[in-house]
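Below is one structure, written out as structure tokens, with a few remarks after it.
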Amino acid sequence: MSKDTPVVAHTISVLVANEPGILARVVGLFSGRGYNIESLTVAETDAKQSLSRITIVTKGTPMIIEQIKAQLARLVPVYRVRDLTVEGPHIERELALVKVRSTGDKRVEALRLADVFRAKVIDAKADSFVFEVTGSSDKVQTFVGLMETLGLVDVGRTGIVAMSRGGEPL
Amino acid sequence: MKPEESATTGADLLVKALIDEDVEVVFGYPGGAVLPIYDSLFKQNRLRHILVRHEQAAVHAAEGYARSTGKVGVVLVTSGPGATNAVTGLTDALMDSIPIVCLTGQVPTHLIGNDAFQEADTTGITRPCTKHNYLVKAVDALARTVHEAFYVARSGRPGPVVIDLPKDVLMNKHDYTAPPKVAFEHKSYRPQTKPDPKKIAQALEMIIHAKRPVFYAGGGVINSGPKASKLLTQLVHLTGYPITNTLMGLGSFPASDKQFLGMLGMHGTYEANLAMHGCDVMINIGARFDDRITGNLTMFSPGSKKIHVDIDPSSINKNVRVDLAVVGDATLVLEELIKGWKAKQPKVDQKALKAWWAQIETWRARDCLAYKSDKQTIKPQFALERLYHHIKNRDHYITTEVGQHQMWAAQFLKFEQPNRWMTSGGLGTMGYGFPAAVGVQIAHPDALVIDVAGEASILMNIQELSTVAQYRLPVKIFILNNQYMGMVRQWQELLHGSRYSESYMESLPDFVKLAEAFGAKGLRCHEPSKLDDTIKEMIALPHPVIVDVVVDQKENCFPMIPSGAAHNEMLLGPDDKAGKLSDEGMALV
Ligand SMILES: Cc1ncc(C[n+]2csc(CCOP(=O)(O)OP(=O)(O)O)c2C)c(N)n1
Ligand SMILES: [Mg+2]
């Protein structure tokens, strides 16, 4: 595979048994084999069957992406690996909490922009807001960027969760 | 009887579970955390425990046992240092896909994470060097975990599995659950063993229409079981095509067969490597395009269509893009290919095949393993030729250490059957061969088991002489003593201006006396003319024997494909000079 093969970001969903060490296995696989993790989210999604869903955004050449999927699928507690980027249309969402401290015009402008981005105010003090914004990573990034000149003091982002469109389960 | 008396301790339950998994032998070393297990072992006589002298050796012995029997090798070590000492062996087993279950002691659950005495984060440390690992937190999960661990270790692509056992879990009481009577079904782990019939049909088409084909078979064929080797041989005979083996695949096809081109790769034969380079269809069965095989990837077999049969989908398209991937167990895939071939009765292009064989014969005629013999000093190649001459008509098992002697053994000893050759391929672990030979000898008490060793490697697990003495194992250690870390010296000669930095073996022991110190027999041979007698004596002795064969210090192992070079840039002998290696090549291992 030549060096100039395009490096593309892929969003991969992994259904795993929710057991101790599973996240370490996945993360260790990426660090041990030198793969990128752009974003990673994980939480239990089925308490009865004790299943967790991991969403990973990673970058690589097609050959590397294929390897990553095969390596993930090979882990004993992994049920399913789906590459949402190649398997039809899907949606991605991220949530961020954005803390802004400002007064006067800047405070008004922050609130106005929050409205444009449909960000919710979830905490307000005389000189600060905490906004909750959800959407694509791009949207979240744009909002955070705009807040930079308006008194941004803190950001927390969840990383991406994603799902295929239509009625099929993972 | 009160109910609590009828219940079993975790340790007893563990022993029961092992027996139900058909375990006969455990290689281990005791310590505080596993004392309950040793107590349970003491009270029974179904399981045999072999006391090694270092935990690394326990794993290698279990590997030798596993590889020579096809069964899962079992290891038992204590917490902390016991577990960390086992790590090299586990990594070795992972790289070479050897089924191992390694039981490690652990501090009691309430102390985990407290930096307790002899605590190590065993599951954390072994996560990247096992196929899977478990920490058993409660006794009610113990039996189930053991059964699952054996399933995971032996199914799909085999590998090592660790079960970490806190001491309180071993002492708590619980009833035993026997393994499931039906075939074990794991909830998430379901390796694909049956090949897709469409892929089989496509593979057959490619194989039938090949003009310059080559079979390239690896350790996966051995791991699939002896039947796979039979089937491979049958298919290769049906087609009339040439075949080469990887280091791990030796024995999957009879070496004396005319269709066999020898081993391929860095120290493979001229004919095998050039056939790989020049073929138009490559049929890879159970090999993984390892960097020791491919050399420079951009120049690897540039004109061929490649079929890759592997049970592990992650091996496919990892290093080399292939044209057709067939995921499945080698036995099942070979069965289908043979069935398909017989049903079709295909007419292969005999003219093309004849021309291809004629080409191969010209490569063969180079006699790439030829070496300059010497009347005064024993050439290592000569020593192995003579060794082979004396063992070829009796059942024998060969293990090796790592270095030049290992490559010469692969080149000069001929393997006619699977499971007779144990060597550390993927990890290249010096110190593997002797403990592996211990494991093989335990499994095959009456067989001739020989560790072909270097004088440097053998010192890495030499303590096992004590094990061999205790169990009266007639293991033979055949040292090709060149007083150098020969393989290191060879690279320094070729790549670092002959600056032999730290590769001379200073202050070696007197191996004859060393053998005697452990109650074994020591033999030494300097002269080519006395070699036959020495070998005969070694074979005839019913004891463990160390043979110190004093060989030429300067001999190098050829052919050699220098790192970063292509198959057709092979050095055939000392007079071939390596072209200037690229920086990239120099950086390769
Ligand atoms: C545990 C370990 N350490 C270091 C190496 C690197 N190494 C590879 S071959 C070799 C020299 C082996 O010397 P010897 O056993 O005498 O074999 P020879 O090459 O001389 O036949 C060394 C140091 C290794 N393979 N394994
Ligand atoms: Mg040596």
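Overview of results
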quantity: Cα centroid of region B:226-292 to Cα centroid of region A:108-130, whole Å; calculated: 69 Å
quantity: Shielding by other protein chains, B:306-319, mean Cβ within 10 Å; calculated: 3
quantity: Taking only Cα atoms of chain B, radius of gyration then Dmax in Å; calculated: 24.6, 82
quantity: Theoretical gain in end-to-end length, residue B:472 to residue B:111 [0.36 nm per residue, Cα-Cα removed]; calculated: 125.9 nm
quantity: Length-normalised contact order for chain A - Cα pairs under 8 Å, 6+ apart - percent; calculated: 26 percent
quantity: Residue A:95 paired with residue A:112, simple spin-label distance in nm, labels 7 Å along Cα-to-beta-carbon; calculated: 2.9 nm
quantity: Partner aspartates and glutamates for residue B:137 [C-alpha distance under 20 Å; skip if fewer than 8 residues away on the same chain]; calculated: A:19, B:12, B:115, B:119, B:121, B:148, B:164, B:168, B:175
quantity: Residue B:516-residue B:196 pseudo-label distance in nm [points 7 Å out on the Cα-to-Cβ vector]; calculated: 6.6 nm
quantity: Inter-site label distance for residue A:23 and residue B:352 at 7 Å from Cα along Cβ, in nm; calculated: 5.6 nm
quantity: GNM top mover of A:21, A:104, A:156 - chain A, alpha-carbon springs below 10 Å; calculated: A:104
quantity: Residues whose placed amide H lies under 5 Å from that of residue B:75, excluding near-sequence neighbours; calculated: B:27, B:101, B:102, B:103
quantity: Percentage, to the nearest whole number, of Cα pairs in the protein assembly as shown over 51 Å apart; calculated: 21 percent
quantity: Accessible area of residue A:149 in the full protein assembly, 1.4 Å probe (Å², nearest 10); calculated: 100 Å²
quantity: Long-range HN-HN contacts of residue B:135 with modeled amide H, under 5 Å; calculated: B:164
quantity: Label-reachable residues, region B:280-297, where backbone N falls under 18 Å from a point 7 Å from residue B:238's Cα toward its Cβ; calculated: B:282-286
quantity: Residues residue B:575 and residue B:44, FRET efficiency given R0 of 45 Å [Cβ-Cβ distance, rounded to 0.05]; calculated: 0.10
quantity: Under DSSP loop assignment and at most 10 Cβ neighbours within 10 Å, longest GluC sites (Glu not before Pro)-free interval of chain B; calculated: B:186-501
quantity: Calculated log₁₀ intensity ratio I(q)/I(0) where the Debye formula runs over C-alpha points of region A:8-83, q = 0.18, 0.19, 0.21, 0.23 Å⁻¹; calculated: -0.64, -0.71, -0.87, -1.04
quantity: Extension gain, residue A:142 back to residue A:7 (0.36 nm per residue minus Cα-Cα distance, nm); calculated: 46.3 nm
quantity: Full-extension gain in nm, residue B:508 to residue B:589, via 0.36 nm per residue minus C-alpha separation; calculated: 26.5 nm
quantity: Tensor-based shape of region A:90-162 (alpha-carbon gyration tensor, a/c under 1.5 rounded, otherwise prolate or oblate); calculated: prolate
quantity: Protection-proxy order for peptides B:527-533, B:433-439, each taking the mean of Cβ atoms within 10 Å per residue, highest first; calculated: B:433-439, B:527-533
quantity: Integer Hz, Karplus 6.51/-1.76/1.60 couplings in order for region B:583-589, x for Gly and Pro; calculated: 4, 4, x, 4, 7, 7, 7
quantity: Above-threshold pairs, the threshold being 28 Å between Cα atoms, out of B:258/B:392; B:379/B:521; B:131/B:187; B:536/B:577; B:131/B:342; calculated: B:536/B:577; B:131/B:342
quantity: Table column - 3J(HN,Hα) (Hz), region B:161-176, Karplus curve with 6.51, -1.76, 1.60, x for Gly and Pro; calculated: 10, 9, 10, 8, 10, x, 5, 5, 4, 6, 9, 5, 9, 6, 7, 8
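The values are calculated or read from the model by the stated rules, or taken from the named source; none is laboratory data. Nothing here was measured: the structure is a model prediction, and the numbers come from that model. Cβ sites come from the backbone with ideal geometry, for glycine too, and all protein chains shown count toward neighbours. Heavy atoms of the whole protein, side chains included, go into the accessibility calculation; ligands, DNA and RNA do not. Shrake-Rupley method; radii C 1.70, N 1.55, O 1.52, S 1.80 Å.
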